[in-house]
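Asker: Here's a structure for you.
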Amino acid sequence: MALSLTAPLLLPGPASASSQLALDKGCYKCHGNPPKKNAPTFAELTERYARLRNNAGAENALVEKLRQGTFFGHIDAHERLSQEDAQQLIRWIMESGH
């Protein structure tokens, strides 16, 4: 299990920075491998939102939806994200996320 938590740290460039942000914000507690309860993994989220790549309007809508905590109900960790952190995480998820 320790390997699954540290593996994202080995990625180069911006993906590494975003996986580190996800680790710092505790995202892997629910979206790790295995995921918690009904939470999707980052790979599943990437697959789900890949079709929205390069769509600034969709990206901004996802950022706001994430920060409102409305994905799968009220989620405090999502609501505590700054605009900048949420934007970075959504962009990372849409582009690679795993």
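Readers should treat all values here as calculations from the given coordinates under stated rules, not as data from a laboratory. Since we're looking at a predicted model, the values are computed, not measured. FYI the Cβ positions are ideal-geometry reconstructions off the backbone, even for glycines, and counts take in every protein chain you see.
Asker: According to a simple spin-label model (label point 7 Å from Cα along Cα-to-Cβ), what is the distance in nm between residue 65 and residue 83?
Answerer: Calculated label separation equals 2.0 nm.
Asker: In the stretch 43-93, which chymotrypsin sites (Phe, Trp or Tyr not before Pro) fall in coil by DSSP and have 15 or fewer other Cβ atoms within 10 Å?
Answerer: Filter output for the stretch 43-93: 71, 72.
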